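The values are calculated or read from the model by the stated rules, or taken from the named source; none is laboratory data. Because the structure is predicted, anything quoted here is derived from the model rather than measured. Cβ sites come from the backbone with ideal geometry, for glycine too, and all protein chains shown count toward neighbours. Calculation scope for accessible area: heavy atoms of the full protein, side chains included, ligands and nucleic acids excluded. Shrake-Rupley method; radii C 1.70, N 1.55, O 1.52, S 1.80 Å.
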Amino acid sequence: MSENSFLKRRWKLIVNILTVIALVVLVVAIRHQLVDTFKNLGKVHAWAILLMIPVQWGNYHAQTKMYQGLFKVVGNKLGYKFLFKASLELNFVNNVFPSGGVSGISYFGMRMRGKDLTAGKATVVQMMKLVLLFLSFEVLLVFGLLFMAIGGHVNNLVILVTTAISTLMVVGTVAFANIIGSEKRINVTFIAVTRVINRFLHFFRRNHPETISMSGVRRAVEELHGNYRLIRNQYRELRWPFWWAIIANATEVLSIYVVYIAFGHWVNVGAVILAYAVANFAGLVSVLPGGVGIYEALMTGVLVTAGVPARLSIPVTVMYRVLNTIIQLPPGYVLYHRSLRRNAAIEEEIRDA
């Protein structure tokens, strides 16, 4: 049996094994946080903690509506229930398989195949979602800076961090639009990246100099560019997805603030917004699931700089992370594996036909 044949037949088993390993790594990484969280549960207001459930539902509702709006722009009408489930699955993949969102984009393309959507169209929708989330967070950063100014916690460091994050968001978005908006630039960029990846993989697969098909990449890039142009030409239709992106970011910040309320403290919301932004940016490059370690350290550090004492910010950050994981990952895990089984059954039917 050839290597490719083995992978095609056993891909579901391989994915399941990798998923279990990633989950074990996640549990081991947060084991001390789990213990600390359960110790602190007796010190908090239970009613406030329970508010995280509807707030998190609101977050996924906003993401689902954002997806519906973006797919509508590219000419597809997808059901609310399907996209809500897909959002939960995507969150699970992005948290368990840390890759700066690349794993999520790949999985999203595979998930949309069940709706007869091409990988290129699914990819451009997912990328546009990320762009809208980045741009909408600019709005929250402005309000965050305003709230901190009112609370008297704006110093040079806070201004520097806020400016740096805003600049990175804008520059990153402009660079993305500049690359994907030009057929020549997107071809040069993606083909160059693919060649580098193929050369790296060739060290491990000596008989496969082109693990990723260059012709397939060219076709995918052409489709990606075409779908982006379709969205760009209908930019006015992006106003509602943009507002849903603002709500998605706001509800995530509100989830953190709910934990502060549970501890009996009404801290400056601007500090929470800034800390959330810094922690998430750093978490993108973390090698551990969910940015464990880096996320907590940076969020606590920014909160302390903004006037929130460490004795409060540390347990709040830890509890938020653990509760957020407990609420989101189990349903995402179940839906993710249902989707894998469904796709495996479809591929088996296609092979037998």
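Pairs exceeding a 20 Å alpha-carbon distance, out of LYS115/LYS184; LYS72/LYS184; LYS85/LYS129: LYS115/LYS184; LYS72/LYS184.
The shape of the stretch 55-196 comes out oblate: with a ≥ b ≥ c from the C-alpha gyration tensor, a/c is at least 1.5 while a/b does not beat b/c.
Quote to one decimal, in nm, the extra length available between ALA48 and LEU160 on full extension: 0.36 nm per residue of separation minus the C-alpha distance between them.
So the extension gain works out to 37.0 nm.
Across the protein chains, with a 1.4 Å probe defining accessible surface, the residues PHE134, PHE176, PHE108 rank PHE134, PHE176, PHE108 from largest area downward. Summing charges over neighbours of TYR333, with a neighbour being any other residue whose Cβ is under 14 Å away from its Cβ, gives +2 when K and R count +1 and D and E count -1. Of the residues GLU252, GLU183, ranked by 1.4 Å probe accessible area with the largest first, the sequence reads GLU183, GLU252.
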